[in-house]
Every structure is written in structure tokens, then in C-alpha cells.
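To start, the structure under review is shown below, and the notes come after it.
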Amino acid sequence: MNPLPAAPSSAAADDFVIQLALDRGLLQPAQIDAARALAAGHTDAASPPPRVIDLLVQQGALTSRRVAELLAAEFGMPMAPDLANARITAETLELVPRAVAARHRLIPLAREGTKLRIALADPLDTDGIDALGYIVKLPIEPSVATPEDITAAIDRFYGKDTNSIDALLDNLSTKDGEGDAAAVTTEPGVGVTSTDSEADAPIIKLVHGIIIEAIQRRASDIHIEPLEKRFRVRYRIDGVLIEVENPPKRLQLSIISRLKIMANISIAEKRKPQDGRIQIAAGGKQLDLRVSSLPTAHGESIVMRILDKEGLTLGLPELGFLSDDAATFEKLISLPDGILLVTGPTGSGKTTTLYGCLHFINKPDRKIITVEDPVEYQLNGINQVPVRHDVGMTFASALRAMLRQAPNVVMVGEIRDLETAEIAINASLTGHMVFSTLHTNDAPGAVTRLIDIGVKPFLVSTSLRGIMAQRLVRKICKHCKKPYHADANEVRSLNINPAQAASANFSKGEGCSSCNATGYRGRMGIFEIFVINDEIQKMIYENVGTQKLRERARSAGMRTMREDGARKVIAGLTTIEEVVSITVGDAI
């Protein structure tokens, strides 16, 4: 491949921009002379001298945005749309190699008919625009953005680490087998095969690169999906799926086979779903990857859940509890007997909350046993029993056997049927504290759900101590957090009264490299804690409806998830949009 044409010299570009600014009265000659003198005084031979225009920006004489506007006006180009909120399809990104985008400081925005719209930092780089047109075989329609916005967009859409997946893909034809063993090492006996050969090394490096990048970007899941004409890789970061660099379709079988070998599942079986596990050491800590393989129309889809044990040692404030809710919840989980249920849909953080409870009460004088399907995290000092349907080890049979081990605390991964529910309730009535989960939309609805599956109301009323419903919302990135003025409609959507709004710390993230330009980094819970008191026990015994239970709980002080979310919006921890999108309006 012929080398791409070089961009114009930085000195010529600087002189052009400086002259534009002088003509418009935006710069004074003294400012320019001072910046040039500073650049000329550069003596470090190990680094290039600073650009004059960069020094003017650093000194506040100009801004990057103003420079971009000057160039856009001079060349008759529009300013690019807000790149922090741009949506660029994988098909568009595939038109422009990352190396070209980084070298010429540009990013493709969209293909519209026979044209390709791009954003670039330097309209003077006409050679780069011509080279791009030659590569994509399309007319180019440019717009102008600041260099910082272009760099952030390249990191966001192509992936931040230019030496990870991109470099591995570029070097797949090599025979180098040394890889990144220092970055990712597989536990002995797990995912190791004696059949790894020198010819397999590039695939091994590529698979490890995908895992490394997911961990670096704080992903909770890695989705590897075979489609009709491409092989897609996506990371779930803070609950949102983000597509990253896709490996070539021709590597599909090799990558899937490598992952199945690492997870110790059969590479010959391609017709049935399979589950496995990968244990790795990455970034100085131990991580587990729970692997699920599912046959699809175009090959096997692999999903890897990244399980980080460090998340289990978080205290209640780190999980999202404010001080008053933390105190209430600590009292509930410290009770000597009864049932505590955590409810919510899949992916709402129920398991993490229960593990946090176990960590909080895990003391040498308590025996704790769990039954889980599967055991996601392995906890020190706790006896964990995996469900195995193939040998008859169901939730109910495991729970029945566990009670003969004389535990103080029992955790049941999920109450799915009447048999499991009855055994859990009987355990709570005989002096055990039982933690479990249930799939209901709110906390009072869990009572109705237990009765619907066949549990007698009097058993529910005497065994339940509390129910907590939860959801996860994204937290505002601390690195780019800025105050924000919420309009009346936004405030009204969360029923925030004027007095609260006047003192609220409404905030938003502007988007930065730390949060992948999303404005959010990390997640926290919003909660609805339903404490069962004597009056509510009587109502459950009388089998009253969910709505009446909810009304009584609200009058006793229960906050809904939306109300708890509103408190965290007022505190500047999350945004109105996040809470509204994840909760339903309060009925009363």
C-alpha cells in the first residue's frame, strides 16, 4: 500500500490561522510575538517544539472552538454537530480505518447517498481529504470540529487503546506467539490446553485483547455475535451496549473455538446451549468470566459476564444507599430470623446487593450457606452450593439439605416455585434468616407474587421481615460534571417541589475520555424499602390487594424508587433523564 500524503506543515497552518485571527482583531501582535518567543526557546531535544497556535490557546488568547470557527468560515464549511452525542453506525466506521482517522484528525459521521459526511480538525489538510476520498471511493462532505472533540470521538467509537484490538488485527498474519501474557494470564487448569500451537498465537492474542479492552473500559459483559455478513463485538458499559472494533468475519470460528476452549466447554457441540467459566488474572486482580454459548442462525453467540469480586466488598453507601435507607436496611439484614426479599428485573443488581448483605454480616460466629444457579462469585468464609438439575440438585432439594447443616443465614438465589418458597418460609420460621430474590416490579407486589404461586397468606405475613425493590441508574462522571439548570417540565416529572428545586444540585456530565464521552461513569441503586410492621402483617394475613398494601406502606414512610431517584438527582449524583427512564410514575 502506498503511504498516505503528508499533512501540511504545522508552521504554515499556524501562520494561516494567526493571520485570520489578526484580520478579525482576535489577537494582538504582542501576544503572537510572546508565543513565538516561547516556542523558539524550546530546548528539549527529546520532544518537538510546541506549536505557536497551541501556546496561544493555552495562554487563553484563543480557544480551540474559536480556531475551528475561523477555519470553518474561511473555507465555507459548517461546524460539525456535537460529537459527544453523535451516533455513528458500525458500517460508517468501517469505511475509514482508524489509522487514517487518527493521522488526519477526522472521523466519519454518516454515509448519505453517494457522499460521506465527516468531521475534521484541519480543513487545511486537503491532501488528507483527497486521500480519504480515494480510500472510500466517495465524494467527501467535510465539517469542522475542535481537535479535542475529534480525538475524544476517535477514542469513543474506535476504542481508546490503539495498540490493543486494532494492532492485533493488523498483525494477525504474523507468527509471533509471545502475546500479552503479563496483562492477562489464565488460571492453571482453567482454559488452558496443550494443543495451543504457534499458529494459534494470533487468535489467542486477539481474544485476550478483546478481554483486556473490556476490562479497561469497565464493561460488565462482552457480547460476541455472528451476524450474516459481519462478526460483531459489543461491550455493556454502565448498562449500555457499545459496539467496538469488529474482527473479520473469517475469524469467527477461530475466535469462538478459542473462547470455548478457555471456558472448558465442548468445541464439537454446536447445536445446544452451553455454559462455562474462565478465570483470569488481569490488571493485578482476579476476575471470573461466566461464559454462555447459544446457537444462532449464523453461528454461536458468546456472552461473557465479567465478575469482579472487588465489587462485593462495597459498603451500603457505595451501592447507592443514602444514610437513612442504609440504617433501615442494616437493621433488616441483622435480624435473627425471617425472610428478606430483593426484587427487580434481570440486570437490576439484585445479586450484587445480596452479596453485599452477606459481606456485611459475614462474621466468624455465623454460619452462612447459599444455593445459587450458578454460583457467580466465590466468597471466603461462606458455603456456596450450585444448583445442578442434571443430578436432581434443585433449589428446593439443596435448601432442604442445607437446613440440616444448622446455618444461621441462608441465601436462596431465587424463589421460583411453591416448593422452594415453602421451604424458605419454614426455614425462616425455625430460626434462620433467609435472603432471596423475586421477579416483581415493586416491593409490595412481592407479597401478591408469593400468594399467587401458592403460599398461604398467614405464612407470608409471619415470615416476611422486609422487601426491597431496586433499579440501577448511571452516575454522573466526576471528571466532567457541571452544574445544570433543570426546566420546569423536568422538575415536574420527578415531583420535586419548588423549595427542593431551589436548593438542588442539578448536574450533568459534559462527556470526556474518562466516561467514553457519555457523561456517566459507574452505576448506583435506587431503592424502595418495604418494612413489614404489625399492621401490614395483619393486612397480608387478610390477603388485601397490592394497591392497599402500597398505600399503607407509603403512609408509613416508604419511598418509591422514583422518589429515591429524585433525592439522588437533587444531590447531584445522577440525572433526571436517568431516573425517569428507569422508573414509572408514582400512582399515589
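The modelled label-to-label distance for the pair Ala401/Ser257, using points 7 Å beyond Cα in the direction of Cβ, is 3.8 nm. Taking amide hydrogens as placed 1.01 Å from N in the peptide plane, the amide H of Arg559 sits under 5 Å from those of Ile529, each at least 5 positions away in sequence or on another chain. Counting only protein heavy atoms and a 1.4 Å probe, tell me what percentage of the stretch 442-483's accessible area is made up of carbon and sulfur. Ligands and nucleic acids excluded, carbon and sulfur reach 53 percent. List the residues whose amide H sits under 5 Å from the amide H of Glu414, counting only those 5 or more places along or on another chain, with H placed 1.01 Å from N in the peptide plane. HN-HN under 5 Å from Glu414: Thr437. Each of Ala73 and Ala571 was given a label point 7 Å from its Cα along the Cα-to-Cβ line. The distance between the two points is 4.7 nm. A straight line joining the Cα centroids of the stretch 316-378 and the stretch 404-445 runs 13 Å. Note on the chain: with charges restricted to the Cβ of Lys and Arg (+1) and Asp and Glu (-1), its dipole about the Cα centre is near 1260 debye. Cβ-Cβ distance of Ala40 and Arg250, R₀ of 60 Å, FRET efficiency by 1/(1 + (r/R0)^6): the value works out to about 0.70. The loop-placed trypsin sites (Lys or Arg not before Pro) in the stretch 60-124, going by DSSP, that have at most 14 neighbouring Cβ atoms within 10 Å of their Cβ come out as Arg87.
Taken about its Cα centre, the stretch 91-141 carries a charge dipole of roughly 120 debye when the Cβ of each Lys and Arg holds +1 and the Cβ of each Asp and Glu holds -1. Net charge dipole, the stretch 431-477: roughly 220 debye, given to the nearest 20, about the Cα centre with Cβ charges of +1 for Lys and Arg and -1 for Asp and Glu. Take every pair of alpha-carbon atoms less than 8 Å apart whose residues are at least six positions apart; their mean separation over the length of the chain yields a relative contact order of 9 percent.
If you count only protein heavy atoms with a 1.4 Å probe, what accessible area per residue comes out for the chain, rounded to a whole Å²?
Averaged over the residues of the chain, the accessible area is 47 Å².
Remark on Met79: its backbone amide H falls under 5 Å from those of Val144, a criterion applied only to residues 5 or more positions apart or on other chains, H modelled at 1.01 Å from N. The phi torsions of the stretch 416-426, fed into the Karplus equation with coefficients 6.51, -1.76 and 1.60 and a -60° offset, translate into couplings of 10, 8, 5, 4, 5, 4, 5, 5, 4, 5, 4 Hz, rounded to whole numbers, with Gly and Pro shown as x. Ligands, DNA and RNA aside, Lys331 has an accessible area near 150 Å² when probed at 1.4 Å.
Per-atom-type breakdown for the stretch 522-588 gives carbon and sulfur 52% of the accessible area (1.4 Å probe, protein chains only).
By a 1.4 Å probe calculation restricted to protein chains, Glu490 has an accessible surface near 30 Å², given to the nearest 10. Of the accessible area of the stretch 279-417, computed with a 1.4 Å probe over protein heavy atoms only, carbon and sulfur atoms account for 52 percent.
From the helices alone, meaning DSSP H stretches of at least four residues, give me the mean residue ellipticity at 222 nm for the chain, per-run term -39500 (n - 2.57), in deg cm²/dmol to the nearest 500. Working shown, then result.
Working: 24 runs with 222 residues, N = 588.
Using -39500 (n - 2.57) per qualifying helix, the result is -11000 deg cm²/dmol.
Dipole orientation for the chain: of the candidates Pro295, Ile53, Gly344, Gly344 has the Cα lying most toward the positive pole (charges on Cβ; Lys, Arg +1; Asp, Glu -1).
Give me the extension gain from Arg232 to Asp487: residue separation times 0.36 nm, minus the current Cα-Cα distance, reported in nm with one decimal.
Gain on extension, Arg232 to Asp487, equals 87.8 nm.
Converting phi to 3J(HN,Hα) with the Karplus coefficients 6.51, -1.76 and 1.60 and the offset θ = phi - 60°, the stretch 438-445 yields 8, 8, 9, 6, 9, 6, x, x Hz in sequence order, with x at every glycine or proline. Using a cutoff of 8 angstrom between alpha carbon atoms and counting only pairs six or more residues apart, the relative contact order for the stretch 29-127 works out to 17 percent. Rolled with a 1.4 Å probe across the full set of protein chains, the surface gives Asp325 an accessible area near 20 Å². Using R0 = 25 Å, the C-beta based FRET efficiency linking Ala502 and Val240 works out to 0.20.
Over the stretch 529-588, what relative contact order in percent results from Cα pairs under 8 Å that are six or more residues apart?
Over the stretch 529-588, the number comes to 32 percent.
With Cα atoms defining each centre, the stretch 72-148 and the stretch 221-281 are spaced 31 Å apart in the structure. For the pair Gln547 and Gln286, the difference between a 0.36 nm per residue extended length and the Cα-Cα distance amounts to 89.4 nm.
The values are calculated or read from the model by the stated rules, or taken from the named source; none is laboratory data. Predicted, not measured: the structure shown is a model, and the values here were computed from it. FYI the Cβ positions are ideal-geometry reconstructions off the backbone, even for glycines, and counts take in every protein chain you see. In case anyone asks, the SASA skips ligands and DNA or RNA and just uses the protein heavy atoms, side chains included. Shrake-Rupley method; radii C 1.70, N 1.55, O 1.52, S 1.80 Å.
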